[in-house]
Amino acid sequence: MKARQASLAPAGALHELFPAGTCGHGMHMTDVAIIGGGAAGLACAASFALSGRKLNILVLDMGDRAGKKLSQTGNGQGNVSNADLRPEHFHGSVPAGDIVCSGAYDWRSLFGCLFTQDDRGRIYPASKQASSLTDLLLMKLRSPGPCTCGVRLGTRVTRIQKTEKGFKVYTDGGVIESRFVVLCTGGAVARQFHTDGSSYALATNLGHTLTPLHPSLVQLKTDMTDIKPLRGIRVDAALSAEADGATLACERGDVIFTSYGVSGSAAFSVSSRIAGIIENGGVSLIIDFLPDTGEKELAAFLQKRRDEGCADEDLLCGTLHNTLSRMILRKAGQNAGTDGLSVHDIAGIVKGFRLVVTGSAGADFAQVTKGGIPGDEVTDELESRMVPGLFLAGEVLDADGDCGGYNLQWAFCSGMKAAESVMRRI
């Protein structure tokens with residue numbers, strides 16, 4: 001049966017387009033079934049669409065809109081990448097850093113739009129509108145050419161079966177037969193995007209295993225004794241995490257005080273390094289409120305102000321937020337001896353304010369999953385070592401990145417790599 005052509009439905013609407021033929025027994029036929037219509041899945045599909053190859057591609061997604069999480073990334077502005085691309089920004093047993101930083105995958109070509117960069121190297125579409133990224137990818141899927149791409153929403157894949165000809169993909173709406181499958185089902189966080197971890201079973205039922213799963217890029221809960229008055233205050237600071245006397249991570253960026261602890265880009269990035277050990281206790285955060293000023297320099301400055309007649313309660317006025325200044329001076333006063341406040345104690349707290357971590361905000365509030373299918377279970381081409389013809393991309397793999405666009409960069413590049421690997425086989 002000849003493939004029927006149709007345009008994708010408006011965002012938010014359920015639509016169904018089978019790009020391949022439909023046999024008389026209700027079995028839908030396609031060359032590649034991409035399971036998951038998020039950043040990795042859409043990047044993979046767009047790569048096929050732009051390849052100039054005559055292929056039938058079908059994207060299957062549980063949600064009512066493709067790219068729903070992508071459309072909200074970067075606080076709705078679409079932080080898709082970072083100018084500082086180094087392997088050390090990526091973690092896990094899959095060598096995501098090597099793949100992303102190789103320069104082999106021109107992710108910008110997937111969108112065909114202009115991008116802009118902020119002063120911290122974070123890259124956004126010039127529109128500063130994350131939803132436009134999804135729109136651009138879907139435009140590629142319906143662009144004219146020999147490759148026919150379709151998207152089927154509101155569809156849960158229940159099982160993948162390996163066959164002599166390829167795969168049977170069982171869904172709650174029927175069975176799809178495909179020569180190849182690319183698994184892009186995401187992780188186990190942010191259940192509002194249908195990524196509750198249940199889709200890992202599609203891989204584990206085929207023999208794959210999982211490394212421990214933890215929420216990452218997530219707000220951190222801390223002891224609130226000293227910081228209750230700071231709720232809502234945002235500072236540019238250096239934030240590090242320590243356990244057993246060892247520094248586990250150090251990040252410069254926003255620290256936002258909340259009703260439960262800390263949030264902001266620095267907290268998110270640090271959370272990725274301590275995921276999995278928070279539950280054991282013994283982790284502390286150390287905040288340097290003036291990372292561009294040395295401790296001795298600060299103490300000398302405070303002493304100079306005091307010598308000029310400045311009252312102790314005003315020593316930090318104009319240097320830190322007034323509420324933050326009062327908290328630090330109050331804490332320094334707890335250690336004050338008979339000689340009164342020490343400028344060295346004040347400087348020490350400003351440069352090394354300590355908070356005990358009590359947990360994280362949890363999976364529902366995390367941006368990404370730490371853990372997944374381990375690297376030794378996929379080839380360098382991201383093909384399953386257990387099931388030939390099955391490829392994996394994105395968050396389903398044991399790979400995650402720091403805050404700042406690294407995880408979307410991995411999603412795009414891994415989706416492109418999986419498509420490239422499949423096309424070598426077709």
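The values are calculated or read from the model by the stated rules, or taken from the named source; none is laboratory data. Here the structure is a predicted model, which is why all the values come from computation and not from measurement. Heads up, the Cβs are rebuilt from the backbone with ideal geometry, glycines too, and the neighbour counts pull from every protein chain shown. What goes into the accessible areas is simple: the full protein's heavy atoms, side chains included, and nothing from ligands, DNA or RNA. Shrake-Rupley method; radii C 1.70, N 1.55, O 1.52, S 1.80 Å.
Miscellaneous remarks
- Across the accessible surface of the chain, with the other protein chains kept in place and a 1.4 Å probe, carbon and sulfur atoms take up 48 percent.
- Filter on 228/331; 140/417; 69/128; 54/140; 128/417; 68/140 - keep pairs with C-alpha separation over 19 Å: 128/417
- For region 33-97, the C-alpha radius of gyration divided by 2.2 N^0.38 Å, with N the number of residues, is 1.34.
- Long-range HN-HN contacts of residue 190 with modeled amide H, under 5 Å: 364, 365, 366
- Relative contact order (percent, whole number), the chain, Cα cutoff 8 Å, 6+ residue spacing: 22
- The separation of region 162-197 from region 52-83, counted between C-alpha centres, amounts to 16 Å.
- Distance from region 369-389 to region 93-125 (C-alpha centre basis), Å: 22
- Sparse-neighbourhood loop sites, chymotrypsin sites (Phe, Trp or Tyr not before Pro) in region 344-403 - DSSP loop, at most 11 other Cβ within 10 angstrom: none
- Each helix, a run of at least 4 DSSP H residues, gives -39500 (n - 2.57); summed and divided by the residues of the chain, these come to -7000 deg cm²/dmol at 222 nm.
- Alpha-carbon Rg/Rh ratio, for the chain, with Rh computed the Kirkwood way: 1.08
- Gyration tensor over the Cα atoms of region 129-288: the corresponding equivalent ellipsoid has semi-axes (square roots of 5 times the eigenvalues, largest first) of 42, 21, 13 Å.
- Less than 5 angstrom separates the built amide H of residue 219 from those of 361, all sequence-distant by 5 or more or on a different chain.
- For region 371-422, the normalised intensity computed at q = 0.18, 0.26, 0.30 Å⁻¹ comes to -0.53, -1.00, -1.20 (log10 of I(q)/I(0), Debye sum over alpha carbons, equal scatterers, no solvent).
- Within the straight-line cut-off of under 18 Å between alpha carbons, the aspartates and glutamates reachable from residue 168 are 31, 61, 177, 383, sequence neighbours fewer than 8 places apart in one chain being disregarded.
- Scattering profile of region 20-164 at q = 0.13, 0.17, 0.20, 0.21 Å⁻¹ [log10 I(q)/I(0), Debye over alpha-carbon scatterers]: -0.67, -1.07, -1.32, -1.39
- The alpha carbon radius of gyration of region 324-389, expressed as a multiple of 2.2 N^0.38 Å, is 2.28.
- Against the rule of thumb 2.2 N^0.38 Å, how large the Cα Rg of region 304-426 comes out: 1.92
- Long-range amide H partners of residue 397 with built H, under 5 Å: 373
- Partner aspartates and glutamates whose Cα lies under 20 Å from the Cα of residue 304, excluding those fewer than 8 positions away in the same chain, are identified as 292, 295, 312, 313, 314, 339, 345.
- Phi angles across region 391-401 convert, under the Karplus curve 6.51 cos²θ - 1.76 cosθ + 1.60 with θ = phi - 60°, into 3J(HN,Hα) values of 10, 10, 8, x, 5, 5, 8, 7, 8, 8, x Hz, Gly and Pro given as x.
- Sorted largest first, extent of region 179-231 alpha carbons per principal axis (Å): 59, 21, 13
- Each peptide in 280-291, 250-261 receives the mean, over its residues, of other Cβ atoms within 10 Å, and ordering these scores from highest gives 250-261, 280-291.
- DSSP bridge pairs, the chain: antiparallel proportion in percent, nearest 5: 70
- Residue-normalised accessible area of region 45-171, given per residue in Å² at a 1.4 Å probe: 45
- Summed over the residues of region 277-426 and divided among them, the accessible surface reaches 42 Å² per residue at a probe radius of 1.4 Å.
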